[in-house]
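Undergrad: Encoded as structure tokens, here's the structure I'll be asking about.
The values are calculated or read from the model by the stated rules, or taken from the named source; none is laboratory data. In this text the structure is predicted, and so the values were computed from the model without any measurement. Neighbour counts are summed over all protein chains in view; Cβ atoms, including those assigned to glycine, are modelled from backbone coordinates with ideal geometry. Calculation scope for accessible area: heavy atoms of the full protein, side chains included, ligands and nucleic acids excluded. Shrake-Rupley method; radii C 1.70, N 1.55, O 1.52, S 1.80 Å.
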Amino acid sequence: MATQKIKAGRLGSATLGLVLVTATVTLAARRLRLEAARREERRLELEELAIRRKALAHQQRMHWELTARAIDDPSLAAVVDTYDKTIPPEKRRQFLYANAWYAHLFHLYQAGLLDREELYRHLREFFQSPVFREYWEASKDQRASLNEASEEARIGRMIDGLVMDLDDADTDEWWVVGHPPTDDTEE
């Protein structure tokens, strides 16, 4: 009887050991599957980001090509010209060019190549140009038609604040004017 109890005890220990090994292997296999699924999800996210950046780059190229044609040919510029008709043609061409620069910076921001603070710093420099300021003022009605919750509208409000700060500054050191946004701040 004692022998049977010892054999049963060994068999129970072996069974318990086998159950533990099986559970460990099962958990390890599950962990590996989860890690593989996470890696695949990350790969797909990166692939989607690359496609988005490629599409944004294409959009920017198309915007530039269309803007360049409008700058070169006033008859084509009339198609997209929503500025006040009293603005002289040469000034309208400058506004189209200023818009191309603004769109370029905005697309860099959208693509994640500039953060909000870097965008702010670049725009602070651009707003040293009187023509760029005139363009911004002349395009306010266009910006007013944006969805207020859109990223472009938020950036527009940020820039409006920058322009006010530049106008109110009592220093010639424009590069220190204003408060560049951080990732924490909305505008």
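Undergrad: Based on the mean of other Cβ atoms within 10 Å per residue, sort peptides 42-55, 101-114 so the most packed one is first.
TA: Working: 42-55: 10.9, 101-114: 16.7.
Packing order, densest peptide first, comes out as 101-114, 42-55.
Undergrad: Now, a different point. Dipole of the chain, Cα-centred, from +1 at each Lys and Arg C-beta and -1 at each Asp and Glu C-beta, to the nearest 20 debye?
TA: Values: 27 positive and 33 negative charges, 485 e Å.
The dipole magnitude comes to about 2320 debye.
Undergrad: First compute the accessible area of the stretch 28-187 with a 1.4 Å probe, then give the percent of it belonging to carbon and sulfur atoms.
TA: Details: 5850 of 10740 Å².
Using a 1.4 Å probe with all protein chains present, the stretch 28-187 comes out at 54 percent carbon and sulfur.
Undergrad: Work from the charge dipole of the chain (Cβ charges, +1 for Lys and Arg, -1 for Asp and Glu, about the Cα centre) and give the residue of Leu34, Ala111, Ile159 farthest towards its positive end.
TA: Leu34
Undergrad: Just to make sure I understand: if all protein chains stay in place, what is the order of Asp160, Asp81, Asp141, Asp167 by accessible area at 1.4 Å, largest first? Numbers along the way, then the final one.
TA: Numbers: Asp160 60, Asp81 30, Asp141 115, Asp167 95 Å².
Ranked from most to least accessible, the order is Asp141, Asp167, Asp160, Asp81.
Undergrad: Cross-link candidates for Lys85: which aspartates and glutamates have Cα within less than 19 Å, leaving aside residues fewer than 8 places away along the same chain?
TA: Output for Lys85: Asp72, Asp73, Glu134, Glu137, Asp141.
Undergrad: Please state the charge dipole magnitude for the stretch 122-181, taken about the Cα centre, from unit charges on C-beta atoms (+1 on K and R, -1 on D and E), reported in debye and rounded to the nearest 20.
TA: On the way: 6 positive and 14 negative charges, 54 e Å.
Roughly 260 debye for the stretch 122-181.
Undergrad: Next question, about the same structure. Work out how far the C-alpha atoms of the stretch 113-187 reach from end to end along every principal axis, then list the three figures in whole Å, largest first.
TA: 35, 30, 22
Undergrad: Shifting gears a bit: So which GluC sites (Glu not before Pro) in the stretch 101-153 end up in coil per DSSP with only 15 or fewer other C-beta atoms within 10 Å?
TA: On the way: sites: Glu117, Glu118, Glu125, Glu134, Glu137, Glu148, Glu151, Glu152; in loops: Glu148.
When the GluC sites (Glu not before Pro) of the stretch 101-153 are filtered for loop state and at most 15 Cβ neighbours within 10 Å, Glu148 remain.
Undergrad: Also, I was wondering about something else. Leaving out ligands and nucleic acids, note down the accessible area per residue over the chain with a 1.4 angstrom probe, in whole Å².
TA: Numbers: 13190 Å² over 187 residues.
Result: 71 Å² per residue.
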